[in-house]
1. Quick test for you: out of B:V60, B:V78, B:V53, B:V14, pick the one residue that is within 21 Å of the chain's Cα centre (by Cα), at negative phi and modelled with pLDDT of 50 or more.
2. Working carefully through the options A:E122, A:E116, A:E97, find the one that is in contact with a Pro (Cβ under 6 Å, 6 or more places away or on another chain), without any contact (Cβ under 8 Å) to a residue 40 or more places away in the chain and in a helix (DSSP H, G or I).
3. From the residues in the range B:136-159 that are within 11 Å of chain A (Cβ to nearest Cβ) and among the aliphatic types (A, V, I, L, M), which one is nearest to B:G180 (Cα to Cα)?
4. Taking only the range B:78-135 into account, find how many residues are within 14 Å of chain A (Cβ to nearest Cβ) and in a loop (DSSP other than H, G, I, E, B).
5. For the range A:33-66, give me each residue that is within 10 Å of another protein chain (Cβ to nearest Cβ) and of a type in the set (V, I, T).
6. Anything in the range B:194-216 that is over 20 Å from B:A109 (Cα atoms) and surrounded by fewer than 15 Cβ atoms within 10 Å (Cβ to Cβ)? List them, or say none.
7. If I ask for residues that are within 14 Å of chain B (Cβ to nearest Cβ) and of a type in the set (S, T, Y), which ones from the range A:93-130 would you list?
8. Quick one: which residue in A:E69, A:E50 is in contact (Cβ under 8 Å) with a residue 12 or more places away in the chain, crowded, with 20+ Cβ neighbours inside 10 Å and of a type in the set (D, E, K, R)?
Amino acid sequence: MARTPGSSLRRASREPSAFADVYSAYSRQLLIFFMRRTFDLEAARDLTAETFAQAFRDRRRFRGRSDREADAWIYGIARNLLSHYGRKGRVERKAVERLGIQLPSIGVGDYERVVELAGLAELRERVSHAFADLSDDQRLALRLRVIEELPYAEVAETLRVSEQTARARVSRALRRLTDVVDLTPPSPEVTS
Amino acid sequence: VTEPHIQLLDDLGVEFARVAANHERSPRRSRRWVFGAAPRRVLVIASCALALVVCGTYAVPPTRAAIESIADSFAGWVAGDDDQPPGRALSGGNAAPDWVREQGGRLIAETDGVGLYVTRVKTEERGTLLTFALGNSVSVGGNIDDWRERFDRHALIVLGAGQLAPQVSIDERGRFPLFGVTARWVTSVKLVYEEGSSLTADDVDGGFVLMADARRPLRELIAHDAAGQELERRDVSHIDMRDLCKQTPGCAAP
């Protein structure tokens, strides 16, 4: 019988060792998914580990059967962690710590390979073009808020606009840059 | 076309395989599922039988007429009673993991800066979970029923060897931390090696952290009360750090 991510995830609820197939199916693409969004291999590694740790911890909660449901479930965890990382500026590690997972060190070879696999050079170029294509107002608002990390009140004061307008400009600019990054998760590899 | 090899993913995969294998060996949840519909008496009998077979307890019956289980030390707190919490509140000086602080954890015991912590977390699926952090990198958890099974009628439970820091198991003196929890009347715990002098943790209050010699084979832990009376022995010969010691710089044979 073919082992698909969905069936393996389901089976892992009663046979923990079946989680190895889930890991094999998603590990590489999750690492790249996080790398393309954080540009930081250490953060990508930690986010990947925490995603699997939470998936392992909560595997009995997975009620689906299909690969599509497994994708949605795994990437739901991944997106939540990414969102937490974006808001707090640090990776949540509760499940990793609770399971006693030791995070592996990162070799130079790994860094080069992951950067290449994630297509970061091309992605940086696309983001750079998109940044240049923003209107002057949006580009300045984004620079003040994201690069110089000024609070919105100061961004508004510098731009001589209301805080609401400043927020809107940053938001629109970010949305245009986000369009450049492919947010659709890749399909998992299927093991057999 | 072969995809480039990513070593860190292989290493992380080994870690998850280890964790999965540990869960495979101690399937607490599936055991509960098997006995879930059975009368509680069957569950208790099965738990006792399992404890006798698995836990390697010596035949040293508790000598007190009234048995206070280790679980009783935590049960009230787990149920939400904050009047008698176990251990001590965390201070700024404790090297507690972030998640222990975030969850309002307590310090049960500490030796040479290595702590044994406990947290309680409410979950919808499994009720309130009791989790012990063995130092900063390893934790063991379960709900109070899981623990009650394991603690039942014991004065001493070995939680296992922990780590000093991520990927650091043995210190520069060739020692590793050994963690356990005890019933309230236990005041000292002695670690006996196969050979040589033993190591004792005094002033035990609910748990202990013993900095054990990684170069020597362990034999047993013995719990005593304030009067020096032996309460329980636990076989710890399965905890053998000598191979890891050989791979650790500075952890030479004595």
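1. Matching residue, one of B:V60, B:V78, B:V53, B:V14: B:V78.
2. After applying the criteria, what remains is A:E97.
3. B:V140
4. 9
5. Listed by number, the list holds a single entry, A:T48.
6. If the condition is that a residue be over 20 Å from B:A109 (Cα atoms) and surrounded by fewer than 15 Cβ atoms within 10 Å (Cβ to Cβ), then B:E194, B:E195, B:G196, B:S197 are the ones that fit.
7. A:S105, A:Y111
8. Among A:E69, A:E50, only A:E50 is in contact (Cβ under 8 Å) with a residue 12 or more places away in the chain, crowded, with 20+ Cβ neighbours inside 10 Å and of a type in the set (D, E, K, R).
The values are calculated or read from the model by the stated rules, or taken from the named source; none is laboratory data. This is a predicted model, so every value here is computed, not measured. Heads up, the Cβs are rebuilt from the backbone with ideal geometry, glycines too, and the neighbour counts pull from every protein chain shown.
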